Amino acid sequence: LAGLGHGVLLCLPADGGPELAGTLLDAARSALASGSGTRFVVVQGRRGASGVARTLHLEVPGTRTTVVTLDDPEPATAEGVRDAVGLVTAEVAATTEFTQVHHDADGNRSVPVLSPTPLDDPGQDPPLGPDDVVLVTGGGKGITAECALSLATEYGSALALLGRAAEEEDAELADNLER
């Protein structure tokens, strides 16, 4: 990665969607297998990879993780490619732990910030609905599973669970997955 150490670089196509989940997970597994000090870099045109990237970073301390969202991740000109590579390289070089950024077509850089959404405001539309998917990490058992199931029940949202346990070896997990 441009002299910045070893790691995994995943460039997702601009029109990427759910069909690329396996590719993203394979890249994360490769970074995981590379050991401590590895860099994991995702360049994307649409948001979607940051949850997996952040989870990898949290699960494997020392994995320097960079997620760069570009309005045009597939530039048509050589100059556009050089500019995109320069942006990504600069973000990777500046990452000491975890970085998630968006560069728009006008050259503006922004960093997404999480903010709480009140769930009980009667004058507001529900925050989730049947077309939403809630990514739950490490949430197959215990309080996290109960919270996730409650969200799915109340709002009709689908759940996507990521974890290390195998349902064949864990009766509680198997029961929760069935629910």
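Of all residues in region 25-54, those satisfying the criterion of being surrounded by 14 or more Cβ atoms within 10 Å (Cβ to Cβ), touching a strand residue (DSSP E or B) at 6+ places or on another chain (Cβ under 7 Å) and not small (Gly, Ala, Ser) are 38, 39, 40, 41, 42, 43, 44, 54.
Let's see how each residue does on (1) part of a loop (DSSP other than H, G, I, E, B); (2) open to solvent by less than 90 Å² (accessible area, probe 1.4 Å):
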| residue | (1), (2) |
| --- | --- |
| 114 | yes, no |
| 129 | yes, yes |
| 134 | no, yes |
| 139 | yes, yes |
| 149 | no, yes |
| 152 | no, yes |
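Collect the residues in region 162-173 that are under 25 Å from the mean Cα position of the chain (by Cα), more than 16 Å from residue 147 (Cβ to Cβ) and either of a type in the set (Val, Ile, Thr) or in a helix (DSSP H, G or I) (or both), keeping them in residue-number order.
Keep residues of region 162-173 that are under 25 Å from the mean Cα position of the chain (by Cα), which gives 162-167, 173.
Subsequent filtering for residues that are more than 16 Å from residue 147 (Cβ to Cβ) retains 164-167.
Hit for region 162-173 is 167, nothing else.
Report whether or not residue 106 is part of a helix (DSSP H, G or I) and either free of Cβ contacts under 8 Å to residues at least 24 places away in the same chain or within 21 Å of residue 51 (Cβ to Cβ) (or both).
Details: part of a helix (DSSP H, G or I): no; either free of Cβ contacts under 8 Å to residues at least 24 places away in the same chain or within 21 Å of residue 51 (Cβ to Cβ) (or both): yes.
Considered against the rule, which asks whether it is part of a helix (DSSP H, G or I) and either free of Cβ contacts under 8 Å to residues at least 24 places away in the same chain or within 21 Å of residue 51 (Cβ to Cβ) (or both), residue 106 comes out as no.
Considering region 156-168, and only residues there that are at pLDDT below 90 and of a type outside the set (A, V, I, L, M, F, W, C), the residue that is least open to solvent (accessible area, probe 1.4 Å) turns out to be 163.
Filter region 28-60 for residues that are outside any helix (DSSP H, G or I) and among the polar types (S, T, N, Q) and give the result. Listed by number, the residues that qualify are 34, 36, 38, 44.
Condition check: aliphatic (A, V, I, L, M), part of a helix (DSSP H, G or I) and open to solvent by 70 Å² or more (accessible area, probe 1.4 Å). Does residue 92 satisfy that? Give the steps one after another, and end with the answer.
On the way: aliphatic (A, V, I, L, M): yes; part of a helix (DSSP H, G or I): yes; open to solvent by 70 Å² or more (accessible area, probe 1.4 Å): no.
Spelling it out, it is not the case that residue 92 is aliphatic (A, V, I, L, M), part of a helix (DSSP H, G or I) and open to solvent by 70 Å² or more (accessible area, probe 1.4 Å).
Quick check on region 61-89: of everything there that is closer than 19 Å to residue 3 by Cβ, outside any strand (DSSP E or B) and of a type in the set (Val, Ile, Thr), which residue is least open to solvent (accessible area, probe 1.4 Å)? The extreme case among them is 63. When region 1-24 is filtered for residues that are part of a loop (DSSP other than H, G, I, E, B), open to solvent by 80 Å² or more (accessible area, probe 1.4 Å) and farther than 16 Å from residue 93 by Cα, only 15 remains.
The values are calculated or read from the model by the stated rules, or taken from the named source; none is laboratory data. It should be emphasised that the depicted structure is a prediction, and the values quoted were computed from it without experimental measurement. Every residue, glycine as well, gets a Cβ built from its backbone with ideal geometry; the counts of neighbours run over all protein chains shown. For accessibility, only protein heavy atoms count, side chains too; no ligands or nucleic acids. Shrake-Rupley method; radii C 1.70, N 1.55, O 1.52, S 1.80 Å.
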